[in-house]
Amino acid sequence: MKIVYGLVGASGNGSEIMPLIIDNIKKKAKASDDVNFFFIDSNPKKKELNSIRVVSEDDFFSFKADKSFFNISIADSKIREVVANRFEQAGCIAFDVQAENAHILHNCKIGRGSIMAPFSLLTSNITVGKFFHSNVYSSIAHDCIIGDFVTLAPGARVNGNIHVEDHAYIGSGAVIKQGTPEKPLVIGKGSVIGMGAVVTKDVKPNSTVIGNPARVMEK
(Lines give C-alpha, C1' and ligand atoms only; values in the text may rest on other atoms or scores of the structure.)
Protein backbone atom coordinates (compact mmCIF):
# COMPACT_ATOMS: atom_id res chain seq x y z
CA MET A 1 0.00 0.00 0.00
CA LYS A 2 1.34 3.42 -0.97
CA ILE A 3 0.82 6.00 1.79
CA VAL A 4 1.88 9.66 1.81
CA TYR A 5 2.20 11.92 4.83
CA GLY A 6 2.34 15.67 4.33
CA LEU A 7 3.17 18.39 6.85
CA VAL A 8 1.89 21.79 5.76
CA GLY A 9 4.47 24.44 6.59
CA ALA A 10 8.06 24.10 5.41
CA SER A 11 9.36 26.31 8.22
CA GLY A 12 11.29 26.25 11.47
CA ASN A 13 8.40 24.72 13.40
CA GLY A 14 7.85 22.22 10.60
CA SER A 15 11.48 21.14 10.83
CA GLU A 16 10.90 20.39 14.54
CA ILE A 17 7.69 18.44 13.94
CA MET A 18 8.71 16.30 10.96
CA PRO A 19 11.14 14.09 12.95
CA LEU A 20 8.28 13.30 15.36
CA ILE A 21 6.07 12.33 12.42
CA ILE A 22 8.68 10.05 10.90
CA ASP A 23 9.35 8.44 14.29
CA ASN A 24 5.60 7.92 14.95
CA ILE A 25 4.79 6.48 11.54
CA LYS A 26 7.79 4.19 11.11
CA LYS A 27 6.88 2.44 14.36
CA LYS A 28 3.34 1.77 13.10
CA ALA A 29 3.93 1.08 9.40
CA LYS A 30 3.76 -2.43 7.99
CA ALA A 31 6.85 -3.78 6.28
CA SER A 32 4.86 -4.02 3.04
CA ASP A 33 3.80 -0.36 3.08
CA ASP A 34 5.44 2.19 0.80
CA VAL A 35 5.48 5.26 3.07
CA ASN A 36 6.68 8.68 1.92
CA PHE A 37 6.97 11.97 3.81
CA PHE A 38 6.67 15.49 2.40
CA PHE A 39 6.66 19.09 3.48
CA ILE A 40 3.87 21.04 1.80
CA ASP A 41 4.08 24.73 0.98
CA SER A 42 1.57 26.79 -1.02
CA ASN A 43 4.47 28.44 -2.83
CA PRO A 44 7.59 26.29 -2.44
CA LYS A 45 10.83 28.29 -2.59
CA LYS A 46 13.08 25.30 -1.97
CA LYS A 47 13.04 21.69 -3.09
CA GLU A 48 14.06 20.16 0.24
CA LEU A 49 14.11 20.87 3.96
CA ASN A 50 16.37 18.61 6.03
CA SER A 51 16.43 16.07 3.19
CA ILE A 52 12.61 15.92 3.00
CA ARG A 53 11.10 16.95 -0.31
CA VAL A 54 9.01 20.15 -0.36
CA VAL A 55 5.97 20.06 -2.68
CA SER A 56 3.04 22.32 -3.48
CA GLU A 57 -0.51 21.53 -2.38
CA ASP A 58 -1.48 20.68 -5.96
CA ASP A 59 1.45 18.27 -6.24
CA PHE A 60 0.46 16.56 -3.01
CA PHE A 61 -3.19 16.27 -4.07
CA SER A 62 -2.11 14.73 -7.40
CA PHE A 63 -0.05 11.91 -5.87
CA LYS A 64 -1.43 8.48 -6.75
CA ALA A 65 -1.50 7.09 -3.23
CA ASP A 66 -3.84 4.63 -1.53
CA LYS A 67 -4.05 6.98 1.45
CA SER A 68 -3.00 10.62 1.93
CA PHE A 69 -2.53 11.99 5.44
CA PHE A 70 -1.77 15.55 6.55
CA ASN A 71 -1.06 17.77 9.52
CA ILE A 72 -0.34 21.49 9.79
CA SER A 73 2.59 23.29 11.44
CA ILE A 74 1.29 26.82 10.84
CA ALA A 75 1.05 29.02 13.94
CA ASP A 76 -1.75 31.30 12.68
CA SER A 77 -4.88 29.40 13.74
CA LYS A 78 -7.18 31.02 11.19
CA ILE A 79 -4.88 30.00 8.34
CA ARG A 80 -4.67 26.57 9.95
CA GLU A 81 -8.46 26.27 9.77
CA VAL A 82 -8.61 27.30 6.11
CA VAL A 83 -5.85 24.84 5.21
CA ALA A 84 -7.48 22.02 7.18
CA ASN A 85 -10.78 22.53 5.38
CA ARG A 86 -9.06 22.58 2.00
CA PHE A 87 -7.15 19.35 2.61
CA GLU A 88 -10.15 17.51 4.01
CA GLN A 89 -12.28 18.59 1.07
CA ALA A 90 -9.57 17.12 -1.17
CA GLY A 91 -10.01 13.76 0.58
CA CYS A 92 -6.89 13.88 2.77
CA ILE A 93 -7.02 12.51 6.31
CA ALA A 94 -5.80 14.45 9.35
CA PHE A 95 -3.43 12.52 11.60
CA ASP A 96 -2.10 13.19 15.09
CA VAL A 97 1.49 13.77 16.14
CA GLN A 98 2.70 12.92 19.64
CA ALA A 99 6.27 12.96 20.86
CA GLU A 100 7.34 9.85 22.73
CA ASN A 101 7.94 11.90 25.88
CA ALA A 102 4.67 13.85 25.66
CA HIS A 103 2.17 12.57 28.21
CA ILE A 104 -1.61 12.19 28.11
CA LEU A 105 -2.64 10.74 31.45
CA HIS A 106 -6.32 9.88 32.02
CA ASN A 107 -9.70 10.43 30.39
CA CYS A 108 -8.53 13.00 27.84
CA LYS A 109 -10.38 13.39 24.54
CA ILE A 110 -8.45 15.10 21.74
CA GLY A 111 -9.78 16.11 18.33
CA ARG A 112 -8.11 15.20 15.06
CA GLY A 113 -4.94 16.83 13.78
CA SER A 114 -3.32 17.55 17.14
CA ILE A 115 0.40 18.08 17.65
CA MET A 116 1.89 17.22 21.05
CA ALA A 117 5.52 18.36 21.14
CA PRO A 118 8.21 16.93 23.44
CA PHE A 119 7.58 17.24 27.20
CA SER A 120 4.02 18.53 26.74
CA LEU A 121 1.41 17.27 29.21
CA LEU A 122 -2.35 16.74 29.51
CA THR A 123 -3.36 15.40 32.93
CA SER A 124 -6.96 14.22 33.45
CA ASN A 125 -10.57 14.84 32.42
CA ILE A 126 -9.70 17.17 29.56
CA THR A 127 -11.51 17.73 26.27
CA VAL A 128 -9.49 19.25 23.42
CA GLY A 129 -10.76 20.32 20.00
CA LYS A 130 -9.31 19.70 16.56
CA PHE A 131 -5.93 20.86 15.22
CA PHE A 132 -4.58 21.70 18.65
CA HIS A 133 -0.91 22.65 19.04
CA SER A 134 0.86 21.95 22.33
CA ASN A 135 4.47 23.13 22.13
CA VAL A 136 7.44 21.99 24.21
CA TYR A 137 6.98 22.01 28.00
CA SER A 138 3.39 23.29 27.80
CA SER A 139 0.72 21.73 30.00
CA ILE A 140 -3.00 21.53 30.68
CA ALA A 141 -4.26 20.44 34.11
CA HIS A 142 -7.47 18.66 35.11
CA ASP A 143 -11.04 19.42 34.07
CA CYS A 144 -10.32 21.80 31.20
CA ILE A 145 -12.21 22.30 27.96
CA ILE A 146 -10.05 23.45 25.05
CA GLY A 147 -11.60 24.59 21.76
CA ASP A 148 -10.61 24.09 18.13
CA PHE A 149 -7.37 25.49 16.67
CA VAL A 150 -5.96 26.49 20.05
CA THR A 151 -2.20 26.99 20.39
CA LEU A 152 -0.06 26.65 23.50
CA ALA A 153 3.37 28.21 22.96
CA PRO A 154 6.45 26.71 24.70
CA GLY A 155 6.13 26.60 28.46
CA ALA A 156 2.49 27.76 28.61
CA ARG A 157 0.62 26.55 31.71
CA VAL A 158 -3.15 26.09 31.77
CA ASN A 159 -4.26 25.13 35.27
CA GLY A 160 -7.40 23.22 36.27
CA ASN A 161 -11.02 24.18 35.47
CA ILE A 162 -10.22 26.47 32.54
CA HIS A 163 -12.23 26.89 29.34
CA VAL A 164 -10.09 28.02 26.40
CA GLU A 165 -12.26 28.89 23.42
CA ASP A 166 -11.55 28.41 19.70
CA HIS A 167 -8.49 30.07 18.13
CA ALA A 168 -7.05 31.31 21.42
CA TYR A 169 -3.26 31.61 21.65
CA ILE A 170 -1.45 31.13 24.97
CA GLY A 171 2.02 32.69 24.79
CA SER A 172 5.35 31.28 25.95
CA GLY A 173 5.61 31.00 29.72
CA ALA A 174 2.09 32.32 30.32
CA VAL A 175 0.19 30.97 33.33
CA ILE A 176 -3.60 30.75 33.57
CA LYS A 177 -4.86 30.73 37.17
CA GLN A 178 -7.02 27.80 38.18
CA GLY A 179 -10.79 28.20 38.05
CA THR A 180 -13.39 26.23 39.98
CA PRO A 181 -15.93 23.60 38.92
CA GLU A 182 -18.70 26.12 39.65
CA LYS A 183 -16.97 28.97 37.82
CA PRO A 184 -14.31 27.94 35.32
CA LEU A 185 -11.99 30.71 34.19
CA VAL A 186 -12.70 31.49 30.51
CA ILE A 187 -10.19 32.50 27.84
CA GLY A 188 -12.36 33.95 25.08
CA LYS A 189 -12.44 33.00 21.42
CA GLY A 190 -9.58 34.44 19.37
CA SER A 191 -7.86 35.99 22.37
CA VAL A 192 -4.08 36.23 22.77
CA ILE A 193 -2.29 35.73 26.08
CA GLY A 194 1.07 37.47 25.91
CA MET A 195 4.42 35.89 26.71
CA GLY A 196 4.89 35.45 30.46
CA ALA A 197 1.44 36.82 31.34
CA VAL A 198 -0.26 35.69 34.55
CA VAL A 199 -4.01 35.50 33.93
CA THR A 200 -6.17 35.70 37.07
CA LYS A 201 -9.60 36.41 35.56
CA ASP A 202 -11.66 35.83 32.42
CA VAL A 203 -10.33 37.18 29.13
CA LYS A 204 -12.83 38.58 26.65
CA PRO A 205 -12.96 37.26 23.07
CA ASN A 206 -10.54 38.77 20.53
CA SER A 207 -8.56 40.67 23.15
CA THR A 208 -4.85 40.62 23.97
CA VAL A 209 -3.64 40.59 27.55
CA ILE A 210 -0.12 41.08 28.89
CA GLY A 211 1.70 41.41 32.21
CA ASN A 212 1.38 40.18 35.78
CA PRO A 213 -1.44 40.31 36.61
CA ALA A 214 -2.58 40.26 33.02
CA ARG A 215 -4.31 43.37 31.69
CA VAL A 216 -5.78 44.25 28.31
CA MET A 217 -3.19 45.73 25.98
CA GLU A 218 -4.12 49.19 24.75
CA LYS A 219 -4.63 49.47 21.00
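Run the numbers on the stretch 130-204 and let me know its relative contact order in percent, using alpha-carbon pairs under 8 Å that are six or more apart.
Relative contact order of the stretch 130-204: 25 percent.
Would you work out what percent of the accessible area of the stretch 134-219, with all protein chains in place, is carbon or sulfur (probe 1.4 Å)?
57 percent
Treating the angle as unsigned and between 0 and 90°, give the value, to the nearest 10°, between the Cα long axis of helix 12-28 and the longest Cα principal axis of the chain.
It works out to around 60 degrees.
What accessible area per residue, rounded to a whole number of Å², is obtained for the stretch 99-219 using a probe radius of 1.4 Å?
Per-residue value: 47 Å².
Please compute the net charge surrounding D96, taking Lys and Arg as +1 and Asp and Glu as -1 over other residues with Cβ under 14 Å from its Cβ.
Net charge in that neighbourhood comes out at +3.
Mind putting a number on the dipole of the stretch 108-219 about its Cα centre? Charges go on the C-beta only, +1 for Lys and Arg and -1 for Asp and Glu, and I need it in Debye to the nearest 20.
80 debye
Based only on Cα atoms, what mean projected area does the convex hull of the chain have, in nm²?
Reported value for the Cα convex hull: 12.5 nm².
Antiparallel DSSP bridges in the chain: what percent, to the nearest 5?
DSSP beta bridges in the chain are roughly 5 percent antiparallel.
Could you compute the net charge surrounding L49? Neighbours are other residues with a C-beta less than 12 Å from the C-beta of L49; K and R count +1, D and E count -1. Please list the in-between numbers first.
Details: positive: K45, K46, K47, R53; negative: E16, D41, E48.
Once all neighbours under 12 Å are counted, the net charge is +1.
Using alpha-carbon pairs under 8 Å, 6+ residues apart, how would you state the relative contact order of the chain in percent?
11 percent
Find out how many positive minus negative residues lie around D33, taking Lys and Arg as positive, Asp and Glu as negative, among other residues whose Cβ is under 13 Å from that of D33.
+4
The values are calculated or read from the model by the stated rules, or taken from the named source; none is laboratory data. What you see is a predicted model; the values in this text were computed from it and never measured. A quick note on method: Cβ atoms are made from the backbone with ideal geometry, for glycine too, and the neighbour counts reach across all protein chains shown. Ligands, DNA and RNA are excluded from the accessible area calculation, which covers all protein heavy atoms including side chains. Shrake-Rupley method; radii C 1.70, N 1.55, O 1.52, S 1.80 Å.
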